[in-house]
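Following: one structure in structure tokens, then a few remarks.
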Amino acid sequence: MTHDRDKQISEARFHKLFDDTQAMSIQGYRADGTVVYWNAASEKIYGYTTAEALGQSLYDLIIPSEMRDDVQKAVAWMFEHQQGIPSARLNLKHKNGTTVPVFSSHTVVALPNDEPIMFCMDADMRALEIAENQVQRLSYFDPLTELPNRRLLLERLASILRPNNGETPTAALMIIDIDNFHSINESLGYANGDRVLMHCAECLQQYAPAPDDIARLGKDEFVMILASAGNTPAAVATSAEQIAKQLLTALEAPLQLDNSTHKLNACVGITLFDCPSEQPGDELLRQADIALKSAKRSNDAQICFFDTKMEVAVKERLQIAQALANAIDKKEFKIAFQPQVNKLGQLIGFEALLRWNHPKFGDISPEQFIPIAETTSAILPIGDWVLEQSCMQLVQWASQPGAEHLNVSVNVSPEQFRRGDFVDRVRQILLQSGANPKNLRLELTESLMAGDIDFVVAQMHSLRELGVSISLDDFGTGYASLAYLSRLPLDELKIDRAFVKDLNKHGKGELLTETLISLGRSMNLAVIAEGVETHEQFERLQELGCEFFQGYLFGKPSIDVESYLNQKS
């Protein structure tokens with residue numbers, strides 16, 4: 001009697017647990033698919049009440065017709081072998097006929113002297129799909145203007161440049177830039193600056209051949225592609241110049257800002273290119289940008305075409321590439337450290353940022369020399385040097401009272417990460433320096449996701465086995481989808497400064513920032529926001545759930561890292 005009573009109590013407990021589970025649909029089926037159990041969450045997800053579902057067929061209730069044969073085979077196999085099949089993401093059917101995306105797990109419970117029952121446990125993925133779609137759109141479109149962003153623009157250019165694409169032999173690319181846009185933000189505020197950008201977007205949409213032929217590069221720069229402007233270079237140049245003039249006229253029309261009339265000024269840089277072509281899209285953007293800078297320097301020309309005289313910049317690029325080869329030996333590199341803090345403003349670590357002062361070129365921006373280093377393989381020894389210097393700094397802090405807890409975040413180039421011996425190099429540097437791997441964080445970019453994801457995941461697991469942690473840098477701006485993100489062994493998400501800047505606008509930028517922060521926290525990842533420059537941004541990010549912060553509000557990158565330690569001591 002006692003055994004039977006214990007069994008009844010145990011069964012009651014499990015029924016209570018299943019019935020009260022709100023986040024997980026749990027259903028029970030006989031071998032023929034007849035429903036024998038249907039909890040409250042199942043009604044919420046699929047629309048059928050328990051009374052409606054019991055006794056009905058699984059295949060009639062929630063299985064789409066195109067899946068029926070495969071599901072019947074899977075169910076038969078589970079009952080035959082009395083075990084479940086691997087969990088999977090499925091698109092099932094709601095009572096009203098709509099699709100319900102779920103993550104479904106299955107098992108067969110077979111007890112002695114009892115009929116075997118298959119239990120299905122389904123997690124509703126609809127909210128996750130909405131978040132994934134938001135992040136996906138963020139990867140391709142500018143959140144303010146809703147124009148394509150740089151990534152989508154480059155994909156469009158790649159399709160035009162590809163052989164046998166059916167496009168015309170010659171095309172044009174133009175970059176449009178608003179003069180002194182920063183003064184509008186400073187004098188009239190960011191809200192009016194946004195109105196100017198929206199005005200620019202509307203003008204581009206008016207003259208663009210197609211919606212995907214325009215893009216916002218960033219700040220006040222926009223791009224237009226003219227892929228079918230004519231068959232000869234002369235015809236394309238004439239058409240491009242005409243459209244540029246029309247566009248400038250539209251941009252410079254009187255604009256009302258804060259009850260005052262303002263007149264914008266803009267410049268256009270244009271480059272012509274052949275279709276097909278082996279030139280990458282980035283090179284075309286560089287050429288158009290060179291032409292744009294020439295127009296901005298000119299006193300009488302608002303429109304400028306790229307020509308051979310502008311190849312000086314190309315030669316300078318070659319000189320920089322040659323100089324990079326000897327920069328380490330000549331001790332021209334330095335490491336600048338930018339502080340990272342927690343909610344209380346307490347120092348938790350630094351990001352290591354490479355700085356280069358060349359005897360001929362002076363201070364060279366990392367945005368200028370890092371891409372060159374990546375294309376010449378100079379990034380490999382440079383990356384090792386940065387890692388070595390950062391580990392040496394960790395060792396120094398380990399011996400300083402009050403500094404033992406500090407972390408260093410080191411950026412890793414995709415080219416550096418993809419080399420076969422990268423994990424071994426990190427291991428060797430850690431051993432040689434004596435640095436504690438727990439204080440080292442490697443920052444990876446989303447562009448890695450465009451490659452072999454299985455290799456990326458395996459490489460990350462190997463790095464974490466060394467004891468180092470891994471951050472996904474500039475999250476939300478590149479290639480990472482939720483499908484990939486769930487596979488990556490990450491410790492931290494880093495919110496890009498572009499989203500932090502948009503917090504002041506109380507629009508989509510803030511909504512997307514909140515989505516990204518919530519996504520990171522739901523995956524038990526630390527979330528750090530970069531580019532925090534105001535107390536308002538700092539406070540709003542905390543309200544949205546962000547835990548860690550980096551930006552000029554807390555300190556600029558500095559070679560004199562001890563000055564920050566002294567401030568915090």
Chain lengthening between residue 301 and residue 98 when straightened (0.36 nm per residue, less Cα-Cα): 67.3 nm
Full-extension gain in nm, residue 89 to residue 461, via 0.36 nm per residue minus C-alpha separation: 131.5 nm
Phi-based couplings in Hz for the stretch 432-449 (Karplus 6.51, -1.76, 1.60; Gly and Pro marked x): 5, 7, x, 6, 6, x, 5, 9, 10, 10, 9, 9, 10, 9, 5, 4, 4, 5
Relative contact order of the stretch 286-357, defined on C-alpha pairs under 8 angstrom at six or more residues apart (%): 20 percent
Kirkwood estimate for the chain, i.e. one over the average of 1/r between Cα atoms, Å: 27.8 Å
Value at 222 nm in deg cm²/dmol, rounded to 500, when DSSP H runs of n ≥ 4 in the chain each add -39,500 (n - 2.57): -13500 deg cm²/dmol
Cα gyration tensor, the stretch 23-171 - rounded (a/c under 1.5), prolate or oblate: prolate
DSSP beta bridges in the chain [antiparallel fraction, %, rounded to 5]: 70 percent
Projected label distance in nm at residue 405 and residue 334, using a 7 Å step from Cα toward the beta-carbon: 3.0 nm
Mean separation of Cα contacts under 8 Å, 6 or more apart, over the residue count of the chain: relative contact order %: 9 percent
Entries of 219/296; 245/296; 315/360; 296/360; 331/438 with Cα pairs more than 18 Å apart: 296/360; 331/438
Contact order relative to length of the stretch 64-171, as percent, for alpha carbon pairs under 8 angstrom and 6 or more apart: 15 percent
Heavy-atom accessible surface of the chain: percent carbon and sulfur, 1.4 Å: 51 percent
q = 0.10, 0.18 Å⁻¹, the stretch 263-361: log10 I(q)/I(0) [Debye, one scatterer per Cα]: -0.53, -0.92
C-alpha long axis of helix 379-398 to longest principal axis of the chain, angle in °: 70 degrees
Within-14-Å neighbourhood charge of residue 205 [Cβ basis; K, R +1; D, E -1]: -4
For the stretch 520-547 and the stretch 252-312, distance of Cα centres in Å: 36 Å
Karplus-derived HN-Hα couplings along the stretch 265-282 (A = 6.51, B = -1.76, C = 1.60, θ = phi - 60°), whole Hz, x at Gly and Pro: 10, 9, 10, 10, x, 10, 10, 9, 8, 8, 10, x, 7, 8, 5, x, x, 4
Calculated log₁₀ intensity ratio I(q)/I(0) where the Debye formula runs over C-alpha points of the stretch 525-569, q = 0.20, 0.21 Å⁻¹: -0.70, -0.75
Long-range amide H partners of residue 529 with built H, under 5 Å: 495, 548, 549, 550
Label zone at residue 326, where the point sits 7 Å out along the Cα-to-Cβ direction: the stretch 343-374 residues whose backbone N lies under 14 Å: 358-361
Shape call, the stretch 123-212: gyration tensor on alpha carbons, a/c limit 1.5: oblate
Most positive-pole-ward Cα, 368, 236, 249, against dipole of the chain from beta carbon charges: 368
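The values are calculated or read from the model by the stated rules, or taken from the named source; none is laboratory data. The structure displayed is predicted, hence computed values, not measured ones. Reconstructed Cβ throughout: ideal geometry from the backbone, glycine too, with neighbour counts over all protein chains shown. Accessible surface is based on the protein model in full, side chains and every heavy atom, while ligands, DNA and RNA are left aside. Shrake-Rupley method; radii C 1.70, N 1.55, O 1.52, S 1.80 Å.
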